[in-house]
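Trainee: After the structure tokens below, expect a handful of questions from me.
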Amino acid sequence: MAQNQARILIIGGGFGGLFTALDLAGAGEVTLISPEDHFLFTPMLYEYLSGEVEAWHIAPQYKELIDERVRMIRGEVTDIDLDAREATLKGRERTLAYDVLVLALGGITNYWNIEGAEEFALPFRKIAHADALRARMIEALDHVPPDAAPQDARRALTFAIVGAGASGVELSTKMADLLHDAFNRRALKGEPRVMVVEMSSTVVPGMGEDIRTLVEDALKHSRVEVHTETRVLRVTKDGFTIEHGGEETQVEAAGVVWTAGVRVNPLIEKLEVEKDRRGLIIVEPTLQVRGHKNVFALGDIAFYKDATPTLAGTAQLANQQATLLASNIKALLDGRRLHARHFEELGEAISLGTENAAVLAGGKAFGGPLARQARFALYTARLPTWHHRLKVGASWFFEGTTARPLQPLGFRR
Ligand SMILES: Cc1cc2nc3c(=O)[nH]c(=O)nc-3n(C[C@H](O)[C@H](O)[C@H](O)COP(=O)(O)OP(=O)(O)OC[C@H]3O[C@@H](n4cnc5c(N)ncnc54)[C@H](O)[C@@H]3O)c2cc1C
């Protein structure tokens, strides 16, 4: 297959798909398919919620990142035929033929079939989800009269985050800081209630002791109520029910946000290739799908053996894999040998409230405002394309990154 004529189809424009497309630009007829018109740098979705960053910083339009060497199609793939080597797009009759396929579809929220969760809990994976959550917080605040008794204000401003992994911790501390700030600005009596509910016995399970201590301090500082060894039994329009030590408690809440799990994309669920028990595609050390030399998979949908276990399901891994994958596709097209790589943890950075963060780098954890600055610097370097990095870096440096208060939408009784 001549390299410049090969049709390379990349499904999914997230960390795996976009970075692969950027590396492959010009190496064939490269097509990138995504349902959205923008990439999303998910690690900073919390800062977008709080207004510390703007949408254009972390969710740049694809057309600003890729040039004419990559064809962008906005759409959703509904079917993949590995034998016929073609993909079907929703609402289009003509299929897309490929010579090389890259599966980079990522995951979706896993509600674990918990009653009412999918219907009533808010997901937190996209810009639209952050907008909806911010609007929900403002709406709840707007319904509290200025002279409300502290217990009434607290009940009306109760929010719960399900799952105390990195996501739940980042989200709960951000939400708590924003709501406390809004209480002060509006001179409300009492305080909001932000709860984080976790099934296991600790917050950030799987992370090291050093970083956990910083996280626990931050949760205390932001006055987040932590409920470990607690299960959510059901979610309703007005709240949720939890169980701890055999005892059930019903809690009224203005919003329940679900960060307690990811499952593979439904399109991958129906694809007949070799998978592990979690439904992840088992890929060879070259990132090729077993039994299909012209099909590659990476990121959240792929099980890659030679990676530090804590990297599973992270942007870091998808990002690193994209480099290997692109170079292996070039090798495949040139008839050269494909390579394998071991993937290492590059460090962790967790945002903790609107003025704090924790960073783990070179085996050492540190926290506070300096860690927050370090996180911004680190993430500037990980944004896609030099041009975008420079624009965003300049904006953060000169215009600042202060949180935007939850302004009233208009007072309603
Ligand atoms: C809020 C949040 C915060 C996170 N924070 C961190 C962090 O701090 N550090 C870290 O390392 N990781 C973090 N992650 C995890 C990280 O985002 C994922 O591991 C990473 O995005 C995986 O990359 P991916 O390419 O596999 O999937 P994704 O980046 O999810 O990309 C999948 C793409 O496929 C597209 N797609 C889906 N279905 C279809 C279809 N049918 N047809 C066409 N396209 C489709 C999607 O729209 C999306 O563009 C976070 C995730 C979330 C949700």
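Values in this text are rule-based calculations from the coordinates and carry no lab data. Just so we're clear, the structure is a prediction, and the values are computed from it rather than from any experiment. Please note: Cβ atoms are built from the backbone with ideal geometry, for glycine as well, and neighbour counts cover all protein chains shown.
Trainee: Relative to the longest principal axis of the C-alpha atoms of the chain, give the angle of the C-alpha long axis of helix 386-399, reported between 0 and 90° and rounded to the nearest 10°.
Mentor: 20 degrees
Trainee: Something else about it: Just to confirm the number: angle between the C-alpha axis of helix 166-185 and the first principal axis of the chain, 0 to 90 degrees, nearest 10?
Mentor: That helix lies at roughly 40 degrees to the long axis.
Trainee: What residue among A349, A135, A148 has the largest mean-square fluctuation in a Gaussian network model of the chain, using Cα springs under 10 Å?
Mentor: A148
Trainee: Here's a follow-up. How are the C-alpha pair distances of the chain spread across 20 Å bins, as whole percents from the shortest bin up?
Mentor: With a bin width of 20 Å, the distribution comes to 26, 55, 19, 1.
Trainee: Taking 7 Å along the Cα-to-C-beta vector as the label spot, tell me the A331-N113 distance in nanometres, rounded to one decimal.
Mentor: Label at A331, label at N113, 4.2 nm between them.
Trainee: Another one. Note the angle between two axes, namely the Cα long axis of helix 15-24 and the longest principal axis of the Cα atoms of the chain, as a number of degrees from 0 to 90, rounded to the nearest 10.
Mentor: It is inclined by approximately 30 degrees.
Trainee: What does the charge dipole of the chain about its Cα centre add up to, to the nearest 20 debye, if the Cβ of each Lys and Arg holds +1 and the Cβ of each Asp and Glu holds -1? Write down the numbers at each step before the final one.
Mentor: Working: 47 positive and 54 negative charges, 135 e Å.
Charge dipole of the chain: 640 debye, to the nearest 20.
Trainee: Out of every Cα-Cα pair in segment 266-369, what percent are more than 25 Å apart?
Mentor: For segment 266-369, the fraction of Cα-Cα distances above 25 Å is 33 percent.
Trainee: Given points 7 Å out from each Cα along the Cα-Cβ axis, report the H387 to L82 separation in nanometres with one decimal.
Mentor: According to this spin-label approximation, the distance is 3.7 nm.
Trainee: Using mean Cβ contacts within 10 Å as the protection proxy, how do 352-358, 208-214 order, highest first?
Mentor: Ranking the peptides 352-358, 208-214 by packing returns 352-358, 208-214.
Trainee: Remind me, relative contact order of the chain in percent, using alpha carbon pairs under 8 angstrom and six or more residues apart?
Mentor: 20 percent
Trainee: Turning to a different aspect of this structure: Quick query: amide H of R404 versus all other amide H atoms, modeled in the peptide plane; which residues come in under 5 Å with a sequence gap of 5 or more or a different chain?
Mentor: Residues meeting the criterion, in which the H sits 1.01 Å from N, are G51, E52.
Trainee: Follow-up. If the elastic network links every pair of Cα atoms under 10 Å, which of E64, E86, E29 fluctuates the most in the Gaussian network model of the chain?
Mentor: E64
Trainee: Provide the packing ranking of 395-406, 189-200, i.e. peptides ordered by the mean count of other C-beta atoms within 10 Å per residue, highest first.
Mentor: 189-200, 395-406
Trainee: Per DSSP H run of n ≥ 4, the term is -39500 (n - 2.57); total these for the chain, divide by its residue number, and report the mean residue ellipticity at 222 nm rounded to 500 deg cm²/dmol.
Mentor: -10000 deg cm²/dmol
Trainee: Kindly provide the trypsin sites (Lys or Arg not before Pro) of segment 58-121 that DSSP labels as loop, not H, G, I, E or B, and whose Cβ sees at most 10 other Cβ atoms within 10 Å.
Mentor: Within segment 58-121, the qualifying trypsin sites (Lys or Arg not before Pro) (loop, at most 10 other Cβ atoms within 10 Å) are K90, R94.
Trainee: Looking at the chain, what % of its DSSP beta bridges pair antiparallel, to the nearest 5? Could the numbers behind the result be given before it?
Mentor: Values: 34 of 70 bridges.
Around 50 percent of the beta bridges assigned by DSSP in the chain are antiparallel ones.
Trainee: Could I ask something else about it? Choose one answer from E36, E345, E93: the residue with the largest mean-square fluctuation in a GNM of the chain with alpha-carbon springs under 10 Å.
Mentor: Among E36, E345, E93, the largest mean-square fluctuation in the Gaussian network model of the chain belongs to E93.
Trainee: First select every other residue whose beta carbon is under 11 angstrom from the beta carbon of H292; then total the charges, Lys and Arg +1, Asp and Glu -1.
Mentor: So the environment of H292 carries a net charge of -1.
Trainee: If I take the Cα coordinates of segment 193-235 and project them onto the principal axes, what are the three extents in Å, biggest first?
Mentor: 33, 24, 11
Trainee: Here is a follow-up. Please compute the length gained on full extension between D238 and E269, using 0.36 nm multiplied by the number of residues separating them and subtracting their Cα-Cα distance.
Mentor: Taking 0.36 nm per residue and subtracting the Cα distance, the gain is 7.9 nm.
Trainee: What FRET efficiency would be calculated for the residue pair K220, R278, taking the C-beta separation as r and a Förster radius of 30 Å, to the nearest 0.05?
Mentor: 0.35
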